[in-house]
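**Student:** Have a look at the structure that comes next, please.
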Amino acid sequence: MSHHYSGADFGFPRGDARLDFCDLYAFPQPGDANRSVLIMDVHPSKALDPEGPPTTTPEPFSPEAIYELRIDTDGDLVADIGYRFRFVPSDDGAQSATVIRVEVAGGGDDGEAIIERAPVSTGADAQVTQAGEYRFFAGWRSDPFFFDAGGALNDFQFTGDDFFADADVCSIVLELPNSELGDGEVNLWHRSLVPGDDGNWAQVERGARTQVVPFLVPNEEKDAYVGGEPADDARFVDVFGHSLEHTGGYSAEEAKRVAGTLLPDVMHYDPARPVAYPDNGRTLTDDVADPFIATMTNGKAGDDQVGPHDDLLPDFPYLGPPHQNR
């Protein structure tokens with residue numbers, strides 16, 4: 001489930017699949033270690049409960065929302081740089097994207113627009129935008145996440161049935177020089193915001209690590225968790241610990257210790273070091289589900305018998321074409 005289905009009861013934030021973050025990836029550009037590729041996937045095309053409400057809309061991204069990648073460059077878990085992605089519909093019903101770089105990420109649209117009116121892809125052909133040192137893609141793609149989700153919900157009795165084998169997501173792919181990320185290791189996370197009732201932006205989704213929200217955050221804590229910031233994540237150690245006691249049979253003390261290894265909810269990334277999730281970045285073929293399940297169940301389960309998808313591309317935007325042409 002990675003970060004798919006972070007709403008209550010494996011649903012979507014505010015019931016809107018377009019706001020649901022799925023996965024975050026960060027790795028050096030193949031062939032040029034001076035550049036990095038950052039991928040945020042949102043809007044899963046499939047719901048875990050097929051009898052639930054309609055899960056998706058052909059419209060890739062919400063025009064009302066701000067999608068944002070947040071970057072902490074000095075290790076204090078507070079964003080120093082942000083890349084904001086806004087989407088608007090065009091006259092023919094297609095969407096276009098604007099990418100804004102801000103030095104201190106917060107609400108609003110202040111900052112430098114580095115990409116404007118980039119087309120959003122809905123079919124198999126990836127429409128790529130080049131702007132200076134940046135390359136950008138947004139649109140429907142084959143979901144690269146792989147996991148036997150049904151087995152996880154069946155008391156971790158895995159059969160190798162990859163729930164995501166025919167699933168699509170809406171991907172935001174940004175390739176940029178490493179110098180734009182600061183100097184050395186950074187902390188990354190992503191979030192989505194919508195207009196709030198008070199006239200300000202309301203954060204309704206966030207995260208970086210895989211699977212922690214659907215599996216370890218109970219319904220009554222989900223709004224607080226996805227609305228929070230990594231700098232405050234210590235307050236959720238007890239929440240995670242309580243869940244781990246049930247899923248893995250940990251003692252209270254050990255559960256709290258393990259919970260502390262899963263927080264704060266950020267991705268460490270240093271482009272000068274080899275990628276190795278969860279210590280440094282994440283590639284599209286990293287098996288992130290097995291080690292998480294092993295941690296969550298205290299070693300009682302782990303191998304879901306599912307491997308990486310074979311439709312990945314060797315070049316930008318690296319993600320395979322969508323299974324459905326929209």
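**Student:** So in the range 125-138, with the set limited to residues that are over 21 Å from the mean Cα position of the chain (by Cα) and small (Gly, Ala, Ser), which one is surrounded by the fewest Cβ atoms within 10 Å (Cβ to Cβ)?
**Tutor:** Gly132
**Student:** Look through the range 27-44, keep the residues that are outside any strand (DSSP E or B) and out of contact with any Phe, Trp or Tyr (no Cβ under 8 Å at 6 or more places or on another chain), and return whichever of them is modelled with the highest pLDDT.
**Tutor:** Only one residue tops the list, namely Pro30.
**Student:** Of the residues that sit in the range 78-89 and are assigned to a strand (DSSP E or B) and among the β-branched types (Val, Ile, Thr), which one is farthest from Glu185 (Cα to Cα)?
**Tutor:** Once the filter is applied, the top-ranked residue is Val88.
For (1) assigned to a loop (DSSP other than H, G, I, E, B); (2) surrounded by 21 or more Cβ atoms within 10 Å (Cβ to Cβ); (3) not β-branched (Val, Ile, Thr), each residue gets a yes or a no:
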residue	(1), (2), (3)
Pro58	yes, no, yes
Pro63	yes, no, yes
Asp76	yes, no, yes
Thr98	no, no, no
Gly123	yes, no, yes
Trp140	no, yes, yes
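**Student:** Ok, one more. Between residues in the range 108-133 that are closer than 15 Å to Glu180 by Cβ and residues that are β-branched (Val, Ile, Thr) and at pLDDT below 95, which pairs lie under 7 Å by C-beta distance while being six or more apart or on different chains?
**Tutor:** Taking only residues 6 or more apart or on different chains, the pairs are Gly111/Val102.
**Student:** Related question: Could you give me the residue pairs with C-beta distances under 7 Å whose first residue belongs to the range 199-210 and is under 21 Å from Leu38 (Cβ atoms), whose second residue is assigned to a strand (DSSP E or B) and of a type in the set (Asp, Glu) wherever it lies, and which are 6+ apart or on separate chains?
**Tutor:** Between residues of the range 199-210 that are under 21 Å from Leu38 (Cβ atoms) and residues that are assigned to a strand (DSSP E or B) and of a type in the set (Asp, Glu), the close pairs are Thr210/Asp23.
**Student:** Same structure again: When the residues of the range 81-94 are narrowed to those that are under 19 Å from the mean Cα position of the chain (by Cα) and touching a residue at least 24 places away in the same chain (Cβ under 8 Å), which ends up surrounded by the most Cβ atoms within 10 Å (Cβ to Cβ)?
**Tutor:** Filtering the range 81-94 for residues that are under 19 Å from the mean Cα position of the chain (by Cα) and touching a residue at least 24 places away in the same chain (Cβ under 8 Å), the one surrounded by the most Cβ atoms within 10 Å (Cβ to Cβ) comes out as Tyr83.
**Student:** Residue under question is Gly299, and the condition is that it be at positive phi, surrounded by fewer than 16 Cβ atoms within 10 Å (Cβ to Cβ) and part of a loop (DSSP other than H, G, I, E, B); does it hold?
**Tutor:** Spelling it out, Gly299 is indeed at positive phi, surrounded by fewer than 16 Cβ atoms within 10 Å (Cβ to Cβ) and part of a loop (DSSP other than H, G, I, E, B).
**Student:** While we're here: Let me confirm something: among Arg206, Arg257, Arg191, which residue is basic (Lys, Arg), at pLDDT 95 or above and surrounded by fewer than 19 Cβ atoms within 10 Å (Cβ to Cβ)?
**Tutor:** Of the residues listed, the single one that is basic (Lys, Arg), at pLDDT 95 or above and surrounded by fewer than 19 Cβ atoms within 10 Å (Cβ to Cβ) is Arg257.
**Student:** Are any residues in the range 139-193 β-branched (Val, Ile, Thr) and under 25 Å from Pro322 (Cβ atoms), and if so, which ones?
**Tutor:** The answer is Val169, Ile172, Val173.
**Student:** Also, quick follow-up: Give the number of residues within the range 163-188 that are in a loop (DSSP other than H, G, I, E, B), more than 20 Å from the chain's Cα centre (by Cα) and among the acidic types (Asp, Glu).
**Tutor:** Final tally of qualifying residues: 1.
**Student:** Just checking, which of Gly150, Gly160 is in a helix (DSSP H, G or I) and under 30 Å from Thr297 (Cβ atoms)?
**Tutor:** Just one listed residue meets the conditions, Gly150.
**Student:** Which residues, counting only those in the range 4-17, are on the phi < 0 side of the Ramachandran plot, at pLDDT 85 or above and surrounded by fewer than 23 Cβ atoms within 10 Å (Cβ to Cβ)?
**Tutor:** Asp16
The values are calculated or read from the model by the stated rules, or taken from the named source; none is laboratory data. As the structure is a prediction and not an experimental result, all values here were calculated from the model. Cβ coordinates were reconstructed from backbone atoms using ideal geometry, including for glycine residues, and neighbour counts include every protein chain displayed.
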